[in-house]
Amino acid sequence: EPLPLRVTLPDGEVVEGAEVEPALSSLLGRRVRLQAAHDAPGRFAAPGRHQDFAPVHVLTTRTLAHLRALQPEVDWDVRRFRANFLLDDGDAPGAFSEDALLGRDLRGPSGLTLAVGLPTPRCVVVTRAHEELPADPRTLRTLAEHHEFDLGPFGRHACAGAYAETRAPGRVRVGDVLVPEGDAGPPSAAIATSLARVQALLAGAAPA
């Protein structure tokens, strides 16, 4: 029996029920089958969610420029980081600029509001080959040398980018300006608040 879903395709067409699988198959160029998902027991999976920490990942052009300055022999292509949003804040090296967004909101012209929480811990995936990009272990090594954070029960991690939650929905387009709101406090305070929220979700409690 088809899942009771309604899906809006990129061209604006809305399909539901039995129409969803063939529409997605046509869009993706391969056969797609939808299957109901059930929560699996595990320490790092919040109930009813399909990501570890947060549903949105933001990265800045300034961070990429900073990484290029730190290790110019590495191809710091944005695709290595699989971000949902690449924020253009210039190309002046000198900072991992997402750190100044921790604990703040990003508001777009449509009303979309993202609550920026934790710095994004990186794993070995950033060292892997991506299409024509070669594998390069120096990516993770550079982050470990220059930008580590203590993420409490999750350990100490090399980080680049920041995780965010959707506080208010809205549409966003290439070229939209996302305005930071709220004061930029110390990253440690924002991290502590976000970690408490993540741990509450993992425990099955309602988020604060």
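The values are calculated or read from the model by the stated rules, or taken from the named source; none is laboratory data. Owing to the predicted nature of the structure, the values given are computational and were not obtained by experimental measurement. Quick reminder, even Gly has a Cβ in these numbers, built from the backbone with ideal geometry, and neighbours come from all protein chains shown.
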All but one of (1) touching a Pro at 6+ places or on another chain (Cβ under 9 Å); (2) in a strand (DSSP E or B) hold for VAL177, so report the exception by its number. (2)
When segment 154-198 is checked residue by residue, the ones that are in contact with a helix residue (DSSP H, G or I) (Cβ under 7 Å, 6 or more places away or on another chain) and either of a type in the set (Ser, Thr, Tyr) or over 15 Å from PHE96 (Cα atoms) (or both) are PRO180, LEU195
Does segment 118-138 contain any residue that is touching a strand residue (DSSP E or B) at 6+ places or on another chain (Cβ under 8 Å), farther than 27 Å from GLN199 by Cα and of a type outside the set (Gly, Ala, Ser)? no
Which of the strands (runs of 3 or more DSSP E) contained wholly in segment 4-72 include at least 1 residues that are at pLDDT 90 or above and hydroxyl-bearing (Ser, Thr, Tyr)? 6-8, 56-60
Being at pLDDT 95 or above, of a type in the set (A, V, I, L, M), more than 14 Å from HIS57 (Cα to Cα) and assigned to a helix (DSSP H, G or I) is the requirement here; does ALA190 meet it? no
It is to be established whether one or more residues within segment 161-173 are among the polar types (S, T, N, Q) and without any contact (Cβ under 8 Å) to a residue 60 or more places away in the chain. no
Within segment 105-114, how many residues turn out to be buried (at least 20 other Cβ atoms within 10 Å of the Cβ) and either at pLDDT below 95 or in contact with a Gly (Cβ under 9 Å, 6 or more places away or on another chain) (or both)? 1
Inter-residue pairs, beta-carbon under 9 Å, first closer than 14 Å to THR8 by Cα and in segment 24-35, second aliphatic (A, V, I, L, M) and not in a loop (DSSP other than H, G, I, E, B), 6+ apart: LEU24/VAL7; LEU24/VAL15
Within segment 152-174, how many residues turn out to be part of a helix (DSSP H, G or I) and surrounded by 12 or more Cβ atoms within 10 Å (Cβ to Cβ)? 2
Output the residue which, of all residues in segment 73-104 that are among the basic types (Lys, Arg) and in a loop (DSSP other than H, G, I, E, B), is surrounded by the most Cβ atoms within 10 Å (Cβ to Cβ). ARG104
Quickly run through segment 117-144 and pick out the residues that are surrounded by fewer than 14 Cβ atoms within 10 Å (Cβ to Cβ), without any contact (Cβ under 8 Å) to a residue 24 or more places away in the chain and not hydrophobic (A, V, I, L, M, F, W, C). GLU132, PRO137
What number of residues in segment 116-147 are small (Gly, Ala, Ser) and out of contact with any helix residue (DSSP H, G or I) (no Cβ under 9 Å at 6 or more places or on another chain)? 2
